[in-house]
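Engineer: What follows is a single structure, and I will ask about it in a moment.
The values are calculated or read from the model by the stated rules, or taken from the named source; none is laboratory data. Given the structure is predicted, the values throughout are model-derived calculations rather than measurements. Glycine gets a Cβ as well: all are built from the backbone with ideal geometry, and neighbour counts include every protein chain shown.
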Amino acid sequence: MTERAKPEKIRCDACPVMCYIADGKIGACDRYANHGGDLVRLDALTIIEGTDQKLVPFLSDTPADEWDGNIVKGDRPFVTAVGAGTTYPDYKPAPFIVSQDIEGVDMVTVVTEGIFSYCGVKVKIDTDRHIGLERDVVRVDGEPIGHVMTSEYGSKMLSLGGVEHLTGGTKKEGRVTCDALLKLCNREPVEMVIGEDDHATTLVVEAGKAPVINGLPEKLMRVGCGSATIGMFAKQWLSHADDVVVVDDHITGVLSEHQAGKELDVPPTGIKILGRRSTPGRYFQVAEPGTGWGGTDIEDPLAILGPFNPKVAWAGQRLLMVSTTGEQSGYYELDTDLVPQPATMPDALRASCDLIAENCEPSICSVLFMGGAGGSLRAGVTENPVRLTRSVKDALTHVSCGGAEAYVWPGGGITVMVDVMDMPTGSFGYVPTPALVAPIEFSLRVSDYATLGGHMSEVKPVSSVTGETRKVKPEAHGHDPMAHTNYRWAKGDKP
Ligand code: SF4
């Protein structure tokens, strides 16, 4: 009997897990494999190409004959960190440090897939509907992965992930959080439950798509709060209704009491709103938050009205009630007891409700990845990491994620935020520590790179990047990390 040779295992050193991988097998993160004894990154390096936007003359007084409208950027490639691979520990230089001449300036881009232990997503959900109270816990598979933040104008906000959930809880919490973040960042849907059993909401979030709240896809975000809606549409209601109520969980507006109504000489109607009066014609807390009219829990708008004042109101008075998206509306006339009775809505008011809906933008989910480029990641760029941080703050180094524009937070460190819709598909990976793997590129002048102690011996011309690559078009906004306008030196400031 011949002894079978054991397959030779190789050790992956691209993250702290340090997998032993047998020939033909893949590591724990599905990103690296043992291919005939060689450790290979399984996803192709992604290169953005085809930046063929025409640039316009910078100065309006540029003589026409000095501007031929030529394509300036041509097919210049930008090597993203997607598929570039990680280095661990990070005193090793980043996997790709590539140089190219950009309009007469020697530029270098340092490219690495960062392992982000401190990371998460901020999610903006365009809806008025109640999805949870501020600080309500967001759960996936029963595990807490984040919480509800305060609302923004027409949108609900979630903070998901972060180191507290990735590593600060149980092992399962960290694994579920990492998996949810990975899916959200790679634009896949994730179902989550917000709040406790007595007020739980089921929500499906997918970047760039409408949220699905308790099984119903959301359609529109509101045109404005109830007060703003009164201001915007007041003129259209004159002579067609005696009063209009715009039902909104935030501010419910009443035409006859609102400043817009006063200025348009709308007389008092004796209407009474059951809510907390803020300023004339503007009411808070007319109902509980919910998934009904205007983000309240009501299905019958008359529920927010008290009895009409008999000294002011009159029989036959015409009342329009409408939500902030125009999706719900009702028309009523007061009977002889001054009680609103449903009636057929006049065409002019129907058209006005339709116009409110038309002015609403489609409801979508926006997912912004947020992470901190830590001390070790920076060491892959320079032997003096704090100089990189300073260089970013000084606008000498431009940070991008998968070629997309990254907002760098003020203050210490390099904490970035980027819209995942601007990044190439499949930009994110994970390691089981658990942490997210995200692409990050640092672009700067070669001279500045030398000054901050960069790994100069590792700089290679971009033409040397060969092998299997994935070519993608620039994202819709066409952000160009190498554009001179990103850098302080191009603006005439002294470096
Ligand atoms: S988890 Fe992935 S990156 Fe980390 S050691 Fe294993 S194969 Fe390498």
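Engineer: When the residues of region 15-30 are filtered to those that are within 6 Å of the ligand (Cβ to nearest atom), touching a residue at least 40 places away in the same chain (Cβ under 8 Å) and farther than 21 Å from Tyr91 by Cβ, which remaining residue is surrounded by the most Cβ atoms within 10 Å (Cβ to Cβ)?
Structural biologist: Among them, the one singled out is Cys29.
Engineer: If you don't mind, there's one more thing I want to ask. Just the residues that are within 20 Å of Asp248 (Cβ to Cβ) and without any contact (Cβ under 8 Å) to a residue 60 or more places away in the chain, please, taken from region 351-375.
Structural biologist: Those that are within 20 Å of Asp248 (Cβ to Cβ) and without any contact (Cβ under 8 Å) to a residue 60 or more places away in the chain: Cys353, Asp354, Glu358.
Engineer: Another question about this same structure. Of the residues Val312, Val322, which is within 28 Å of Ile213 (Cα to Cα) and among the hydrophobic types (A, V, I, L, M, F, W, C)?
Structural biologist: Just one listed residue meets the conditions, Val322.
Engineer: Could you please find all residues in region 164-200 being more than 21 Å from the chain's Cα centre (by Cα) and either assigned to a loop (DSSP other than H, G, I, E, B) or in contact (Cβ under 8 Å) with a residue 24 or more places away in the chain (or both)?
Structural biologist: Thr167, Gly168, Gly169, Thr170, Lys172, Glu173, Gly174, Arg175, Gly195, Glu196, His199, Ala200
Engineer: Return yes or no: is Thr2 within 9 Å of the ligand (Cβ to nearest atom), β-branched (Val, Ile, Thr) and either modelled with pLDDT under 90 or part of a loop (DSSP other than H, G, I, E, B) (or both)?
Structural biologist: Here the answer is no, as Thr2 does not meet what is asked.
Engineer: With the requirement that a residue be surrounded by fewer than 19 Cβ atoms within 10 Å (Cβ to Cβ) and in a helix (DSSP H, G or I), what does region 414-460 give you?
Structural biologist: Met421, Val446, Ser447, Ala450, Thr451, Met456, Ser457, Glu458
Here is a yes/no grid of residues against (1) among the basic types (Lys, Arg); (2) at pLDDT 95 or above; (3) closer than 20 Å to Gly208 by Cα:
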| site | (1), (2), (3) |
| --- | --- |
| Asp128 | no, no, yes |
| Ile131 | no, no, yes |
| Pro144 | no, yes, no |
| Gly161 | no, yes, yes |
| Gly168 | no, no, no |
| Glu173 | no, yes, no |
| Thr177 | no, yes, no |
| Arg187 | yes, yes, yes |
